[in-house]
Amino acid sequence: MSETTLVRHCAPTLAGLKTGSLFNCRYDQLDVLLHELTQLNRELRPRGLRILPLRFFRKRALLYLYRPEKLARDLRHRQAQPILSEAGYENSDCGTCIRRLICRLHADGGFPHEVGLFLGYPPEDVRGFIENRAQNYKLAGDWKVYGDADRARRIFTQYKICTQCYCKALDAGVSLRQLAVAT
């Protein structure tokens, strides 16, 4: 997996602006990918980041880069709790919730709607997406917005600028370790 792919899909998470990012990665040999992920975790863990494979399918891996401390906070949010409960999550422990998400990804073959909570999306927007079946949103960008559209618009712009800056920095020779902001 290239650093360019990681930065292009995960810059806001690397910068500490976002809880987590999901992206697909092609691989030829599973053992090579798993070794790369182990190396990445050694490099990123001191910066407060983890990367996990959530699903493998036809030489593609769905990878999740996240900040455990932010995720724990997000999953404990009072508006997130009922969403998780309705989807069968028994508690808001980070590891337990990630394992449940992996099970749901494998069982459904798609994306369970609560996945937005793992990416740092506002719970009111995750709830709106579920209740409106992805319709009747106020704004679409990195996610579909049902709540505060002005705030979401500012965040979308921030994510876009961050990604552009991080891609330029990587091209200029800044290392992934330097780009990963410690939190």
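Shape verdict for the stretch 86-172, please, from the Cα gyration tensor: rounded (a/c under 1.5), prolate (a/b greater than b/c) or oblate.
Values: a/c = 2.31, a/b = 1.34, b/c = 1.72.
Judged from the Cα gyration tensor, the stretch 86-172 comes out oblate (a/c at least 1.5, b/c at or above a/b).
Skip the ligands, DNA and RNA, and give the accessible area per residue of the chain with a 1.4 Å probe, whole Å².
Numbers: 9940 Å² over 183 residues.
Averaged over the residues of the chain, the accessible area is 54 Å².
Points 7 angstrom from Cα along the Cβ direction at Arg78 and Asn91: gap in nanometres?
Going by the 7 Å Cα→Cβ label model, 2.2 nm.
Given an 8 Å cut-off on Cα distances and at least 6 residues of separation, report the relative contact order of the stretch 1-113 as a percent. Don't jump to the answer; show the numbers that get you there.
On the way: 124 pairs, mean separation 24.4, N = 113.
Relative CO of the stretch 1-113 lands at 22 percent.
Calculated from DSSP H runs of 4 or more alone, at -39500 (n - 2.57) each and per residue, what is the 222 nm mean residue ellipticity of the chain, nearest 500?
Numbers: 9 runs with 99 residues, N = 183.
For the chain, the value works out to -16500 deg cm²/dmol.
Could you name the lysines whose alpha carbon sits less than 23 Å from that of Lys70, not counting residues in the same chain fewer than 8 places away?
Lys18, Lys144, Lys160
Lys/Arg Cβ at +1, Asp/Glu Cβ at -1, dipole of the stretch 70-183 taken about the Cα centre: which of Cys103, Leu117, Val174 is farthest positive-ward?
Val174
How do 67-75, 166-174, 154-162 rank on mean C-beta neighbours within 10 Å, highest first?
Put in order of decreasing packing, that is 67-75, 154-162, 166-174.
Charges only on Cβ, +1 for Lys and Arg, -1 for Asp and Glu: so what's the dipole of the chain about the Cα centre, in debye to the nearest 20? Can you show the working numbers first?
Numbers: 29 positive and 19 negative charges, 45 e Å.
It comes to approximately 220 debye.
Using Cα-Cα distances under 8 Å and only pairs 6 or more residues apart, what relative contact order does the stretch 61-183 have, in percent? Could you put the intermediate results ahead of the total?
Values: 84 pairs, mean separation 18.0, N = 123.
Taking the mean separation of contacting Cα pairs over the length of the stretch 61-183, I get 15 percent.
I'd like the carbon and sulfur percentage of the solvent accessible area for the chain, probe radius 1.4 Å, heavy atoms only, ligands and nucleic acids excluded.
Working: 4770 of 9940 Å².
Ligands and nucleic acids excluded, carbon and sulfur give 48 percent.
Hey, what do the phi angles of the stretch 37-52 turn into as Karplus ³J(HN,Hα) couplings, whole Hz, using 6.51/-1.76/1.60 and θ = phi - 60°, x for Gly and Pro?
So the Karplus estimates, Gly and Pro as x, are 5, 4, 5, 4, 4, 4, 6, 8, 4, x, 9, x, 10, 9, 10, 9 Hz.
Taking square-rooted eigenvalues a ≥ b ≥ c of the alpha carbon gyration tensor, is the stretch 72-137 rounded, prolate or oblate, where a/c under 1.5 means rounded and, failing that, a/b exceeding b/c means prolate? Mind showing how you got there, number by number?
Details: a/c = 1.95, a/b = 1.18, b/c = 1.65.
Taking the square roots of the gyration eigenvalues as a ≥ b ≥ c, the stretch 72-137 is oblate.
Just check the chain against the gyration tensor rule for me: Cα atoms, a ≥ b ≥ c as the square roots of the eigenvalues, rounded for a/c under 1.5, and otherwise prolate or oblate depending on whether a/b exceeds b/c.
Verdict is oblate for the chain.
If you place +1 on the Cβ of every Lys and Arg, -1 on the Cβ of every Asp and Glu, and leave all else neutral, what size is the dipole of the stretch 114-183 about its Cα centre, to the nearest 20 Debye? Numbers along the way, then the final one.
Numbers: 10 positive and 8 negative charges, 38 e Å.
I would put it at about 180 debye.
State to the nearest 20 debye the size of the charge dipole of the stretch 1-66 about its Cα centre, where the only charges are +1 on K and R beta carbons and -1 on D and E beta carbons. Numbers along the way, then the final one.
Details: 11 positive and 5 negative charges, 49 e Å.
Approximately 240 debye in magnitude.
Looking only at Thr13, Thr163, Thr96, which one moves most when the chain is put into a Gaussian network model with springs between Cα atoms under 10 Å?
Of Thr13, Thr163, Thr96, the Gaussian network model singles out Thr96 as fluctuating most.
For the stretch 117-126, what does the Karplus curve 6.51 cos²θ - 1.76 cosθ + 1.60, with θ = phi - 60°, yield as ³J(HN,Hα) per residue in whole Hz, taken in order and with x for Gly and Pro?
Result, ordered by residue: 5, 7, 9, x, 6, x, x, 5, 7, 5 Hz.
The values are calculated or read from the model by the stated rules, or taken from the named source; none is laboratory data. Every value quoted in this text rests on a predicted model; they were computed, and no experiment measured them. When we count neighbours, we look across all protein chains shown, and the Cβ atoms used for this are built from the backbone with ideal geometry, even at glycine. To get the accessible areas, we keep the full protein, side chains included, count just its heavy atoms, and leave off ligands, DNA and RNA. Shrake-Rupley method; radii C 1.70, N 1.55, O 1.52, S 1.80 Å.
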